[in-house]
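The values are calculated or read from the model by the stated rules, or taken from the named source; none is laboratory data. In this text, all values refer to a predicted model and were calculated from it rather than measured experimentally. Heads up, the Cβs are rebuilt from the backbone with ideal geometry, glycines too, and the neighbour counts pull from every protein chain shown.
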Amino acid sequence: MNSPLRGFIVLGLLALGGLVVFGRLIELKVFKYDALARCARINTEGRLKVEGPRGDIVDRHGRILAISIPTSLLAVHPPGLSREILRDIDRAAGAHGRLTNRAHYKTWLTVTPHCDFVCSQKIRDLLRTDETLAESVRLEPSFERRYPAGRLASHVLGFINDEGVAEGIEGRYNELLRAPTQDLVFVRDAKQKVLDARRVGERTENARSVMLTLDLRIQDTLESALRQAAIHHGARSAQGVVLDPTNGEILALANWPDYDPNHFGSGARYHRNPAVMSSFEPGSVIKALAAVAVVDAGDVDPFKAVYCEKGSWKSDQFRGSIRDHHPYEWLTLPEVLTVSSNIGISKYTSMIAAQELHQTLTAFGIGRKTGVDLPAEDRGTLRPLSKWRGRDRFAASFGYVMRATTLQLATAYAALATGGHTITPRVARAQAAHGRSWQRITAPESGQRVTSPETARLITRWLEQVVQSEHGTGRAAAIPGFLAAGKTGTAEVLEHGKYARRKNISTFVGFAPAQAPRVVVAITINEATKNGRQAGSTAAPVFAQVMSESLRLLHAIPGSSPPAMAVVRPRRTGVEG
């Protein structure tokens, strides 16, 4: 082969090789650039999320309920650490072997976002023993959520778990409270040595603090009273709500048993908020609403007595029988409320259309969510009118064939307290950016009229007798210096399709001062087993204790009560049971 031909071949091969190399460069730089850059970042970078400080949560007087305190984020890169070192870090962080079990991971791992002072000191002592560990162990400034009041208001506040998931008010207003996160980026060489660690993303001051409607003093009073009553009566649980009927602000909301949000993991079975999330058949507290339906119907004389069958009524209108706790004969409607006669309220509501009763119960919020700004509210149930059968319409008049939460009952009675207007209960009152003034989160919503002021006042006067009359079932709810209005309710618990005679849910709902209400209080005691099981001896005394202290803290002035109605003297047979 002659030289010129050999030269052309060599040049051609070089040109071809150049084209191949150029094509490969185009492929890598253009078509595969994103994928290769991503791989490079994976091999040379590690990223962890670092939370900023959340906004504070305070009560209506500015008392701190939730705050973020400085702490450290502890992160490790397992490939650079021996199993012995991993175990030491596990113990220092209280990780209980989670880190050791992930020793095969190749990425940076967050051991804990909340390494406190003791934890940090142990890690620093460990790093001082071997300076090379600093390439695989990092402590970075972070924040931890703390609840200074401990268990107080735990079911309202909720908590932030280790994965950053928020519950309660923390969850409902998470968009306001949460701080922007930053990425902590670790840059490594080919041998995984950390060359640099930097934070990416600017943190702006956009976390807001939230002021609640709660009064921490009233909240403490409610929680203490519920706990004492539940223990005294051997109850399974208890719930309570204290509500301002004029604007819907919840002054206190509590459940027993409760938990400490600072140690939420140890009380997981108590995280649920039954006062909002658990409904039950409310029993005789519904009689006040049934009385509204009777009065508003307009064609029934509430002062024309009905015969109460001496305690047991069987009728062609339904199967079975309706019973009273005591054998009454002739009772007017006010007397029916005072002594809580199932037969009496059934006979009065039988004189009106079933639709009128159903509409009144619906208007007062039975079977509907209240709209409270707390998560997972139970709407309760009110069976459709078309599905009422047999004695359902009678049972509905004394609080069966329906379900309601303690909060729903409080808001229903608030409508009576306001003269016939419904309210929307609220827990959050205002928000504020750092260093700025408070701004109201939601303005009070105008309520819907559900009955006339005249009817509301009349029913209120009758409910006063439940507390004031010597025959009233709510005598234990009386408050020195104030006239209270309210109603007891004791319902049997439905189990496996049958009502358990020995298991009761006892409730008292009422308001005071009766003619110019400042506060509505609803108390529920579940399955009391000793020292009385009826609402008059379980829930009513708690109402009196909580209401009395609430009025004192709100600086309500005791005064002369309006003229009382004629003393109710129901006609009964038999002996007090």
| field | Top-ranked residue in segment 70-89 [being touching a helix residue (DSSP H, G or I) at 6+ places or on another chain (Cβ under 9 Å) and of a type in the set (D, E, K, R); ranked as surrounded by the most Cβ atoms within 10 Å (Cβ to Cβ)] | value | Asp88
| message | For segment 294-321, give me each residue that is of a type in the set (A, V, I, L, M) and either within 22 Å of Val450 (Cβ to Cβ) or at pLDDT below 95 (or both). | response | Val294, Val295, Ala297, Val300
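Each row is one residue, and each column tells you yes or no for (1) assigned to a loop (DSSP other than H, G, I, E, B); (2) within 14 Å of the chain's Cα centre (by Cα).
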position: Gly234; (1), (2): yes, no
position: Gln239; (1), (2): no, yes
position: Thr246; (1), (2): yes, no
position: Ile250; (1), (2): no, yes
position: Asn255; (1), (2): no, yes
position: Tyr259; (1), (2): yes, yes
position: Gly265; (1), (2): no, no
position: Arg272; (1), (2): yes, yes
| task | From the list Thr370, Thr422, Thr362, pick out the single residue that is in contact with a Leu (Cβ under 8 Å, 6 or more places away or on another chain), modelled with pLDDT of 95 or more, closer than 16 Å to Leu289 by Cα and among the β-branched types (Val, Ile, Thr). | result | Thr362
| Of these, Ala75, Ala92, Ala103, which one is in the same structural domain as Asp56 (by TED's automatic domain parsing) and under 24 Å from Ala179 (Cβ atoms)? | Ala75
| remark: Residue hits (segment 369-382; crowded, with 16+ Cβ neighbours inside 10 Å and in contact with a helix residue (DSSP H, G or I) (Cβ under 8 Å, 6 or more places away or on another chain)) are Thr370, Val372, Asp373, Leu374, Pro375, Glu377, Asp378, Gly380, Leu382
| Qualifying position, being surrounded by fewer than 16 Cβ atoms within 10 Å (Cβ to Cβ) and at pLDDT 95 or above, among Ser452, Ser346 | Ser452
| note | Note: among Gly447, Gly486, Gly497, just one is of a type outside the set (D, E, K, R) and modelled with pLDDT of 95 or more, namely Gly486
| query | Within segment 250-283, which residues are closer than 23 Å to Val165 by Cα and of a type in the set (Val, Ile, Thr)? | reply | Val276
| message | Could you go through segment 137-152 and let me know if any residue there is without any contact (Cβ under 8 Å) to a residue 40 or more places away in the chain, in a loop (DSSP other than H, G, I, E, B) and out of contact with any Gly (no Cβ under 8 Å at 6 or more places or on another chain). | response | no
| field | Per-region count, segment 539-560, residues of a type in the set (A, V, I, L, M, F, W, C) and surrounded by fewer than 24 Cβ atoms within 10 Å (Cβ to Cβ) | value | 5
| request: Report, by residue number, each residue of segment 103-136 that is among the basic types (Lys, Arg) and part of a helix (DSSP H, G or I). | output: Lys122, Arg124, Arg128
| said: Being in a helix (DSSP H, G or I), of a type in the set (Val, Ile, Thr) and surrounded by fewer than 17 Cβ atoms within 10 Å (Cβ to Cβ) is the requirement here; does Thr362 meet it? | reply: yes
| outside any loop (DSSP other than H, G, I, E, B), at pLDDT below 95 and assigned by TED's automatic domain parsing to the domain that holds Ala238: does that describe Arg389? | no
| query | In the set Val509, Val542, which member is modelled with pLDDT of 95 or more, in a strand (DSSP E or B) and either among the β-branched types (Val, Ile, Thr) or not assigned by TED's automatic domain parsing to the domain that holds Gly248 (or both)? | reply | Val509
| query | Can you find even one residue in segment 413-429 that is among the small types (Gly, Ala, Ser), farther than 29 Å from Ile525 by Cβ and either outside the structural domain of Gly486 (by TED's automatic domain parsing) or in a strand (DSSP E or B) (or both)? | reply | no
| query | Which one of Phe318, Phe264 is touching a residue at least 40 places away in the same chain (Cβ under 8 Å), buried (at least 17 other Cβ atoms within 10 Å of the Cβ) and outside the structural domain of Arg457 (by TED's automatic domain parsing)? | reply | Phe264
| Whichever residue in segment 52-91 is touching a residue at least 40 places away in the same chain (Cβ under 8 Å), in a loop (DSSP other than H, G, I, E, B) and under 23 Å from Arg102 (Cα atoms) and, among such residues, is farthest from the chain's Cα centre (by Cα) | Leu81
| field | Qualifying residues in segment 122-167 (those that are over 17 Å from Leu74 (Cα atoms) and aliphatic (A, V, I, L, M)) - the one surrounded by the most Cβ atoms within 10 Å (Cβ to Cβ) | value | Ala153
| task | Give segment 296-330 a look and list any residue that's under 20 Å from Thr488 (Cα atoms) and not in a loop (DSSP other than H, G, I, E, B), or say none. | result | Gly311, Ile322, Arg323, Tyr328
